Amino acid sequence: MTTYLKKIRENLNFTQEDVAQAIGTTIRQYQRIEAGLSFCNREKLNKLEDFFQLPQRILFARNYEEIPSYYREFLNYCKYKALFE
C-alpha cells in the first residue's frame, strides 16, 4: 500500500533513517510504517505529523481522493502542493 508518506519524505530529501531517528524508532520499523505494513502508536504518529508538518490523513492517504476536502483546500496553500497535483 503506497502512501504519500514516502513521496513527501523523498521530496524533502530525507532518508528513512532521518525520519526514524526523528520519531524515535528503528529504521526497519519506519520502513514498515512507510510501506503500510505497520502502524505507529499515537506518540510516534504525533512526531510524524510534527516532522512533516502535515496531518496523518494526508501522510497516509493512498491517493488524492482519500484526502478529505477540507485538507485538499489546505494543500492549495502549503509547500507540498505540487506533490498532490
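Tell me yes or no: at least one residue of the stretch 11-32 is touching a residue at least 40 places away in the same chain (Cβ under 8 Å) and under 25 Å from K81 (Cβ atoms).
yes
Is there a residue being in contact with a Gly (Cβ under 9 Å, 6 or more places away or on another chain) and either surrounded by 13 or more Cβ atoms within 10 Å (Cβ to Cβ) or over 18 Å from E10 (Cβ atoms) (or both) anywhere in the stretch 21-33?
Checked the stretch 21-33: no residue is in contact with a Gly (Cβ under 9 Å, 6 or more places away or on another chain) and either surrounded by 13 or more Cβ atoms within 10 Å (Cβ to Cβ) or over 18 Å from E10 (Cβ atoms) (or both).
Looking at F74, F51, F60, F14, which one is among the aromatic types (F, W, Y) and in contact with a helix residue (DSSP H, G or I) (Cβ under 6 Å, 6 or more places away or on another chain)?
F51
All of the numbers you see were taken from the coordinates with simple rules; none came from a lab. Nothing here was measured: the structure is a model prediction, and the numbers come from that model. Neighbour counts run over all protein chains shown; Cβ positions are idealised from the backbone, glycine included.
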